[in-house]
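None of the figures in this text is laboratory data; all of them are computed from the coordinates on show. From a predicted model like this one, the values you see are computed outputs, not experimental measurements. Backbone-built Cβ (ideal geometry, glycine too); neighbour counts: all protein chains shown.
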Amino acid sequence: MEPELEQAIGIRIRTLRQGKALTLDDLAAASGVSRAMISRIERAEASPTASLLARICAALGLSLSAFFAEEGQASPLVRRQEQQVWRDPETRYIRRSVSPPGTASDVDIVEVEFPAGARVSFPPHASAHGMTQHIWLFDGELEMTAAETVYRLRPGDCLFMPVGEGHVFYNPGNAPARYCVVLDRGSR
């Protein structure tokens, strides 16, 4: 990850945490991420994985899309070249926030390019309770595990599931998978 992005992520987490009057210990307890790791991320000494960042965001009441959304004037249109892109340091998957930032919508749309053989696990977490998502596969293969059930997705398939119960994304193929996540934060 680029040093500027690491620093921006750390500053944003610290700003959001302090804005909610949370200590490092409070955020650690709410997210299940250690106090030491949150502190290292805030100081840009560590790059959070997708799973860690999602847990921190959920504890702050945000989706990853809302976390990465640029603050400022809301607009109903965001051009592709203006969309926030993030690469997971562990799996190298690429996540593009497609939804225009700053709108009043509880729905976030994300485009993902998921490398062959990549696996990301999002453990169950109470702070994401009430959030749901649709996973719509465009290219490649995707194996989704939700609760105890494994779903094998092929291009055109769409899977709906709650976010807070935990899930695993896995690309069993030998080509990248490209898919859309439509996340509904619900009434948080």
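For the chain, set up a Gaussian network in which alpha carbons nearer than 10 Å are linked by springs, and say which option among 84, 18, 133 fluctuates the most.
Ranking 84, 18, 133 by mean-square fluctuation puts 18 first.
Let me spell out the model: positive unit charges on the Cβ of Lys and Arg, negative unit charges on the Cβ of Asp and Glu, origin at the Cα centre of the chain. What dipole size does that give, in debye rounded to 20?
For the chain, the charge dipole is close to 180 debye.
Just need the relative contact order of the chain here, percent rounded to a whole number, with Cα pairs under 8 Å and 6+ apart. Please list the in-between numbers first.
Working: 402 pairs, mean separation 36.5, N = 188.
Rounded, it is 19 percent for the chain.
What FRET efficiency comes out for the pair residue 45/residue 20, r = Cβ-Cβ distance, R0 = 30 Å, nearest 0.05?
Computed FRET efficiency for residue 45 and residue 20: 0.85.
By how many nm would the segment from residue 81 to residue 158 grow when fully extended, if each residue of separation counts as 0.36 nm and the alpha-carbon distance is taken off?
Values: separation 77, 0.36 × 77 = 27.72 nm, distance 2.65 nm.
Value of the extension gain: 25.1 nm.
How large is Rg over Rh for region 16-71, taking Rg from the Cα atoms and Rh as the Kirkwood inverse mean of 1/r across Cα pairs?
Details: Rg = 10.4 Å, Rh = 11.3 Å.
With Rg and the Kirkwood Rh in hand, the quotient comes to 0.93.
Residues of region 143-174 with backbone nitrogen within less than 12 Å of a virtual label 7 Å along the Cα-to-Cβ line of residue 121, please, listed as ranges.
167-169
Once each part is reduced to its C-alpha centroid, what is the distance from region 49-64 to region 11-27 in angstrom?
13
Using a simple spin-label model with points 7 Å from Cα along the Cα→Cβ vector, what separation in nm is obtained for residue 138 and residue 151?
My value for the distance between the label points is 1.9 nm.
Would you kindly calculate the translational diffusion coefficient of region 1-120, applying Stokes-Einstein with the Kirkwood radius from alpha carbon pairs, for 25 °C and a viscosity of 0.890 mPa s, and quote it in µm² s⁻¹ without decimals? Before the final figure, lay out the partial values.
Numbers: Rh = 14.9 Å.
For the chosen part, D equals 165 µm²/s.
Have a look at region 50-164 and give its Rg and Dmax from the Cα atoms, expressed in angstrom.
Radius of gyration, then largest Cα-Cα span, for region 50-164: 14.4, 42 Å.
Which trypsin sites (Lys or Arg not before Pro) does region 1-100 hold that lie in a coil by DSSP with at most 13 other beta carbons within 10 Å?
Filter output for region 1-100: 20, 43, 79, 92.
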